[in-house]
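Inspection log for the structure reproduced underneath, given as structure tokens.
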Amino acid sequence: MNNSPLRKRSILAAAVGAVLVFGAVSQVSAQNAHQRAEERRASRQSEGRGGAAKVEDQYPQATRTSPEAKASSKGGAALQKMMKLYDDEKAPEARAAADQIVANTAFNAYDRAFAAQMAAQIAYDADDSAAAKKYLQQAVDLDALDNNGHYTAMYTLAQLQLQDEQYNESLKTLDRFFAETKSTKPEQLVVKGNALYRLERFPEAATVLKQAIDASPNPKPEWQQLLMATYAESGNAAEAAKLAEAVAAKSPSDKRAQMNLAAVYQQSDMLDKSAAVLEKLRASGQLTDEKEYRQLYATYLNMDGKEKEAIGVINDGLQKGIVKPDYQTYLALAQAYYFSDQAAPAIDAYKKAAPLAPDGEAYLNLARVLWQEDRIPEAKEAAKQAIAKGVKKPDDAKKIIALPAK
């Protein structure tokens, strides 16, 4: 079989590709807007009732001078009514009251900004992101809240824009936020790094993300995953591998960290190292998903002389019920057997793959292998099935059908 035209690696084009686990990094921290708003709720209630609750200045380096404006006498009563409705869990009524305050220019800027901020919270609770962003923009534009409220509204707006895939808008808001606050908080820098990553500005994203991680005593795993993805996307394989190795070494029992390491090795074309990490996980029973098994056997299929290892992984997955006995599985198995010079099991696997295939290409490959093994009648029948299901090169099938019987 060594001189067979099937020895061309083009047959592996249908093999299952590797699964890279950091390709879907979450929108970092956008979901925390609600939590932060709840933490500020007591303070807002006090201010809305005319109180003067003192809170820590969250932006001590801000270039903006925090306004001294407070609720007007008329606005204070309206804000109290709005907050009472919110406290009584009458969100729609509270939002309507907030809308009236925001729209009424007889109220001062602080009254309207505070109401807009409260309306944004209510809209967010109701999964109305578009309205929440509109209200937050109004609160920022009114420029009347203290620095804590003003910049928290701006930052939350940027997060929601990022969550809604408005990456340019988010980055513009974040650039203003950092220019005015001079903030170096890691969790905020990560949001900017995420926006840059989404805009495929990878070198800039890497710089910001590294700054955030270096400044944090306990950087979150998802931050490191995002930086790894950034390095990988920018072609900086060495840095991606270095970071992945450090994270994996620090958390040897963390499956996600190990899978990320395998993915980074794979993207860096270090397939032997990727396979070693995945095999260690398989040996410890941690490969429990079909995608993970496919990643491992596809890695072997893309390495020279590792077909027998791929066969072992596929059969192990089939026996455990983790890998589905479908077209892709049997095709990969057939190819692995064929390229390891095991004709009989290759034929058996092709016979299982061909009826499940979307076209007749698997039948045509089956016909070729049968022909090479001098099983001419079976080869002719497989070639007929190939034509019936449709192939790119029907003449190849016709040549096999026209072969003289032996």
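Every number in this text was worked out from the coordinates using simple rules, so none of it is lab data. These numbers come from a predicted model, not from an experiment. Neighbour counts run over all protein chains shown; Cβ positions are idealised from the backbone, glycine included.
Taking the range 22-323 on its own, what percent of its Cα-Cα pair distances exceed 32 Å? Walk me through the numbers on the way to the answer.
Working: 19335 of 45451 pairs.
Here the long-distance tail beyond 32 Å is 43 percent of all Cα pairs in the range 22-323.
Lys and Arg at +1, Asp and Glu at -1: add these up for the other residues within a Cβ distance under 11 Å of R95 and post the number. List each step's numbers first, then the result.
Values: positive: K90; negative: E93, D99, D125, D128.
Local net charge: -3.
Taking R0 as 35 Å, what FRET efficiency do you get between Q372 and K324 from their Cβ-Cβ distance, rounded to the nearest 0.05? Mind showing how you got there, number by number?
Working: r = 29 Å, r/R0 = 0.83.
It comes out at approximately 0.75.
Could you sort 125-133, 111-119 so that the peptide with the highest average Cβ count within 10 Å comes first and the rest follow in order?
Working: 125-133: 15.9, 111-119: 26.9.
Highest-to-lowest ranking by the protection proxy: 111-119, 125-133.
What is the extension gain from D57 to A130, computed as 0.36 nm multiplied by their sequence separation minus the C-alpha to C-alpha distance, in nm to one decimal?
On the way: separation 73, 0.36 × 73 = 26.28 nm, distance 2.90 nm.
Length gained between D57 and A130: 23.4 nm.
Out of K306, K210, K320, any idea which swings most in a Gaussian network model of the chain, alpha carbons joined below 10 Å?
K320
What is the calculated FRET efficiency for D348 to A276, with r their C-beta to C-beta distance and R₀ = 25 Å, to the nearest 0.05? Before the final figure, lay out each step's value.
Values: r = 30 Å, r/R0 = 1.20.
According to the calculation, E is roughly 0.25.
What residue among E307, E89, E239 shows peak mean-square fluctuation when the chain is described by a Gaussian network model with Cα springs under 10 Å?
Residue with maximal mean-square fluctuation among E307, E89, E239: E89.
Relative to the longest principal axis of the chain, what angle (0 to 90°, nearest 10) does the C-alpha long axis of helix 33-48 take?
Rounded to the nearest ten degrees, it is 10.
Treating only the Cβ of Lys, Arg, Asp and Glu as charged (+1, +1, -1, -1), what charge dipole size does the range 22-323 show about its Cα centre? Round to the nearest 20 debye. Don't jump to the answer; show the numbers that get you there.
Details: 37 positive and 42 negative charges, 110 e Å.
With Lys and Arg at +1 and Asp and Glu at -1, about 520 debye.
Using the crude model of +1 on Lys and Arg Cβ and -1 on Asp and Glu Cβ, and no other charge, please compute the dipole size for the range 326-406 relative to its Cα centre, in debye to 20.
Working: 12 positive and 11 negative charges, 60 e Å.
Its charge dipole is roughly 280 debye.
Which of these, L364, L278, L227, has the largest mean-square fluctuation under a Gaussian network model of the chain (Cα springs below 10 Å)?
L364
Would you mind checking the tilt of helix 361-372 against the longest principal axis of the Cα atoms of the chain, expressed as 0 to 90 degrees and rounded to 10?
The angle comes out at about 30 degrees.
Any idea how far the Cα center of the range 117-173 sits from the one of the range 331-399, in Å?
If we compute the Cα centre of each part, the gap is 60 Å.
Provide the packing ranking of 75-81, 182-188, 284-290, i.e. peptides ordered by the mean count of other C-beta atoms within 10 Å per residue, highest first. Write down the numbers at each step before the final one.
Numbers: 75-81: 18.9, 182-188: 16.6, 284-290: 14.3.
Going by the mean number of other Cβ atoms within 10 Å, highest first, we get 75-81, 182-188, 284-290.
If you stretched the chain out fully between T207 and K393, how much longer would it get, using 0.36 nm times the residue separation minus the C-alpha to C-alpha distance? Please report the intermediate quantities before stating the final value.
On the way: separation 186, 0.36 × 186 = 66.96 nm, distance 5.07 nm.
Contour length minus the Cα-Cα distance gives 61.9 nm.
Do any trypsin sites (Lys or Arg not before Pro) in the range 226-297 lie in a DSSP loop with no more than 10 other beta carbon atoms within 10 Å, and if so, which?
Of the trypsin sites (Lys or Arg not before Pro), not one in the loops of the range 226-297 has a Cβ with at most 10 other Cβ atoms within 10 Å.
Using just the helices of the chain, give the 222 nm mean residue ellipticity in deg cm²/dmol: DSSP H runs with n ≥ 4 each add -39,500 (n - 2.57), and the total is spread over all residues, rounded to 500. Walk me through the numbers before you get to the answer.
Values: 20 runs with 271 residues, N = 406.
So the helix-based figure for the chain works out to -21500 deg cm²/dmol.
How do T230, T329 line up, fewest other C-beta atoms within 10 Å first? Each step should come with its number before you reach the end.
Values: T230 30, T329 23.
By the 10 Å Cβ count, ascending: T329, T230.
Which residue, chosen from N108, F202, L226, occupies the Cα position most advanced towards the positive end of the dipole of the range 22-323, where the dipole is computed from +1 (Lys, Arg) and -1 (Asp, Glu) charges on Cβ about the Cα centre?
Value: N108.
Rounded, prolate or oblate, given the Cα gyration tensor of the range 188-303, with a/c below 1.5 counting as rounded?
Numbers: a/c = 2.36, a/b = 1.68, b/c = 1.40.
In terms of gyration-tensor shape, prolate.
Note the full-extension length gain between S284 and A96 as 0.36 nm times their separation in residues minus their Cα-Cα distance, in nm to one decimal.
61.9 nm
To the nearest 10 degrees, how steep is helix 167-181 against the longest Cα principal axis of the chain, on a 0 to 90 scale?
40
With 10 angstrom as the radius, rank V55, V391, V264, V140 by how many other C-beta atoms surround their C-beta, starting from the fewest. Numbers along the way, then the final one.
Values: V55 13, V391 20, V264 30, V140 23.
Going from least to most buried by this count: V55, V391, V140, V264.
With respect to the cross-link table entries K352/K392; K172/K273; K351/K398; K320/K351; K70/K133; K306/K352, which display a Cα-Cα separation exceeding 31 Å?
Details: K352/K392 21 Å; K172/K273 41 Å; K351/K398 19 Å; K320/K351 22 Å; K70/K133 24 Å; K306/K352 22 Å.
In this structure, K172/K273 exceed 31 Å between Cα atoms.
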